[in-house]
Amino acid sequence: MRDALETFKKQTGYDIQSFFESFALFANSYYPLIVAYYTGQDDIDIGDSFGRLDTLLKQSREIEPLFTLKATGLARIDSWELLDMFTECQTKLWTIDNSSRWLRSAIIGRYGMNVALQRVLKTRETFENVSLQLGSNNPQDDWVDIARNNLVEEEDYDANRGGGMFKINIRTTGNFNIPNIVDNLDSEKILGKDIDKNFRFENDDLATLEYEAAIGQALDTIINSLKGSIPEFPDYGLPNEAIGSSVNAIQYPSLFKHLVNMFQRDARWIEVNLLDLYRKEDAIFMKIQAKTVTNNFLVTNIQI
């Protein structure tokens, strides 16, 4: 490998060995600080970790085209091995640059630990209540900061009428354990994105659904899936033994247990309740209510 390093420097004039040494130092000493930052660990001094990352990314952009421009002089097998090593380092740098997404962090950006969320003030709810819900130790006074940041005048505020949309700043605390979402899990992004089940193209790309629409599609998939209907997941879905059975022969507790198991596979759901079980003409329906991680409730009927 030493010969390859010397050949690269001779052909291009670039000291790629220095890049590898800087990358190794960064990966061992500074990358863990970035992970700690995005996972919300307290008292973390990230120092110039992000600055070093930017420097390495800049150097990788300078090095990459040199392999093509000087391809004739880099034709030996050890130069190809050098290219493989560089590509691995570059890919790792790209991944680190998107750490907040891969770690599913609520922290957006590099230099701020706060995130702004939107809320609607409910009827008979006060800013003091909101401040208390945010964990304030002094909600009697801290509510003023919320009102001031939203330009709410005290004489215009009436708890009996509720209010419109307002913003609150909260200190982010680490990451979320939602493995099927790869993004900054703040606000509605926590509900994710999915390919539209009505497979189609839009703006020269696959059409996708985001947030509320994505979770709605996920709910539709759950309530309409029968065991064996998805070849890749043969055990996913409601058991189809109920088809053709008499009303008295249907094992309702077993059906609901399978339904709950499907919701538990998706961490975006935190609760599902059976509201009603009723018969309409020749069909049996389960009325369920599902709660998402954003505290939204979806109610639907499932025909058995």
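Below, the figures for the structure above:
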read-out: Given charges at beta-carbon only (K, R positive; D, E negative), |dipole| of segment 1-106 in Debye; value: 340 debye
read-out: Exposure rank, largest accessible area first [THR91, THR68; 1.4 Å]; value: THR68, THR91
read-out: Per DSSP, loop chymotrypsin sites (Phe, Trp or Tyr not before Pro) in segment 1-77 with at most 15 further Cβ within 10 Å; value: TYR14
read-out: Those trypsin sites (Lys or Arg not before Pro) in segment 1-110 that DSSP places in a loop and that have at most 10 other beta carbons within 10 Å; value: none
read-out: Global geometry of segment 8-86, whether rounded, prolate or oblate, following the gyration tensor of its Cα atoms and the 1.5 cut on a/c; value: prolate
read-out: About the Cα centre, charge dipole magnitude for segment 250-297 (Lys/Arg +1, Asp/Glu -1 at Cβ), debye; value: 120 debye
read-out: Rounded accessible area of MET1 (nearest 10 Å², 1.4 Å probe); value: 90 Å²
read-out: For segment 256-304: rounded, prolate or oblate by the Cα gyration tensor [a/c cutoff 1.5]; value: prolate
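The values are calculated or read from the model by the stated rules, or taken from the named source; none is laboratory data. None of these values were measured; they are calculated from a predicted model. Neighbour counts run over all protein chains shown; Cβ positions are idealised from the backbone, glycine included. Remember, those area values only see protein heavy atoms, side chains included, never the ligands or the DNA or RNA. Shrake-Rupley method; radii C 1.70, N 1.55, O 1.52, S 1.80 Å.
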